[in-house]
Amino acid sequence: QKEVEQNSGPLSVPEGAIASLNCTYSDRGSQSFFWYRQYSGKSPELIMFIYSNGDKEDGRFTAQLNKASQYVSLLIRDSQPSDSATYLCAVNRYDMRFGAGTRLTVKP
Amino acid sequence: DTAVSQTPKYLVTQMGNDKSIKCEQNLGHDTMYWYKQDSKKFLKIMFSYNNKELIINETVPNRFSPKSPDKAHLNLHINSLELGDSAVYFCASSQDQGSGNTIYFGEGSWLTVV
């Protein structure tokens, strides 16, 4: 079982729609959870992090964490073509482990 | 002023050669990392140093040798390069090694072994 699992996609949504990205993790002792965005040919950049169960909102982005289900998600509201990228879920206990990423395409 | 900088950005070399990638961070962080991203975009940790001390050494061939002369620098030396070493190598840093720390990445070094 992979430590951090994501659907590789591609996930395609129309402009203005909600994009939903999902992630599961295997280590129940994981304490912090991150979403990074990576444009093609660029380095990963942090979107947001979440530590506690529930929702955390930052602008158009909402992270959701359910530790009992070992599940993390990222919702992107009012998706824009500029949101087209690969989204990496990362889980941190002793060090940060990444999922393989979900490629999102937002079509105008 | 780049926070985590690594050089070179692109490197094309022949099998069997030895090469180094240098990394420097000016964020004042205590912990630095090397990650490898393969052709399938999977980002995998290789090494972690905290204040010049090796903390994490994943299952990486011993042809890869990291060196941290001070806490602001973490270099990666690779001996006897193989085709499978072709990847993007990202240097990164965080405030310290605690689980709540955000990791900041350098721009990456694209290594191609021919």
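The values are calculated or read from the model by the stated rules, or taken from the named source; none is laboratory data. Because the structure is a prediction, the values reported are computed rather than measured. Cβ atoms come from the backbone with ideal geometry, glycine included; neighbour counts cover every protein chain shown.
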| said: Among the residues of segment B:91-100, what is the count of those that are in a strand (DSSP E or B) and at the interface with chain A (Cβ under 9 Å from one of its Cβ atoms)? | reply: 2
| request: Working only within segment B:66-90, note down all residues that are surrounded by 14 or more Cβ atoms within 10 Å (Cβ to Cβ) and out of contact with any Ser or Thr (no Cβ under 8 Å at 6 or more places or on another chain). | output: B:Pro66, B:Lys67, B:Ser68, B:Lys71, B:Ala72, B:His73, B:Asp85
| query | Listed residues B:Ser80, B:Ser39; which is at positive phi, assigned to a loop (DSSP other than H, G, I, E, B) and among the small types (Gly, Ala, Ser)? | reply | B:Ser80
| note | Within segment B:29-76, the residues that are touching a strand residue (DSSP E or B) at 6+ places or on another chain (Cβ under 7 Å) and among the acidic types (Asp, Glu) are B:Asp30, B:Asp38, B:Glu58
| message | Among the residues in segment A:79-92, are any among the β-branched types (Val, Ile, Thr), within 24 Å of A:Glu3 (Cβ to Cβ) and modelled with pLDDT under 95? | response | yes
| message | Suppose we filter segment B:9-52 for residues that are surrounded by fewer than 13 Cβ atoms within 10 Å (Cβ to Cβ) and modelled with pLDDT under 90; how many remain? | response | 2
| request: Select, from B:Ile55, B:Ile103, the only residue that is hydrophobic (A, V, I, L, M, F, W, C), within 12 Å of another protein chain (Cβ to nearest Cβ) and buried (at least 21 other Cβ atoms within 10 Å of the Cβ). | output: B:Ile103
| note | Taking segment A:74-108 and keeping residues within 14 Å of chain B (Cβ to nearest Cβ) and aliphatic (A, V, I, L, M) leaves A:Ala85, A:Leu88, A:Ala90, A:Val91, A:Met96, A:Ala100, A:Leu104
| request: Give me a count of the residues in segment A:1-56 that are under 17 Å from B:Ala92 (Cβ atoms) and among the β-branched types (Val, Ile, Thr). | output: 2
| query | Just one of B:Gln37, B:Gln14 is touching a Lys or Arg at 6+ places or on another chain (Cβ under 8 Å) and more than 11 Å from B:Ser93 (Cα to Cα); which is it? | reply | B:Gln37
| field | Cross-chain or 6+ apart pairs with Cβ under 7 Å, segment A:69-85 first and more than 16 Å from A:Ile18 (Cβ to Cβ), then modelled with pLDDT under 95 and loosely packed, with under 13 Cβ neighbours inside 10 Å | value | A:Gln70/A:Arg28
| query | Quick one: A:Tyr71 ticks every box in (1) under 25 Å from B:Gln97 (Cα atoms); (2) within 12 Å of chain B (Cβ to nearest Cβ); (3) in contact with a Ser or Thr (Cβ under 8 Å, 6 or more places away or on another chain) bar one, so which box is it? | reply | (2)
| query | How about segment A:1-58: which of its residues are more than 14 Å from chain B (Cβ to nearest Cβ), outside any loop (DSSP other than H, G, I, E, B) and either in contact (Cβ under 8 Å) with a residue 24 or more places away in the chain or in contact with a Lys or Arg (Cβ under 8 Å, 6 or more places away or on another chain) (or both)? | reply | A:Leu11, A:Ser12, A:Val13, A:Pro14, A:Ala19, A:Ser20, A:Leu21, A:Asn22, A:Thr24
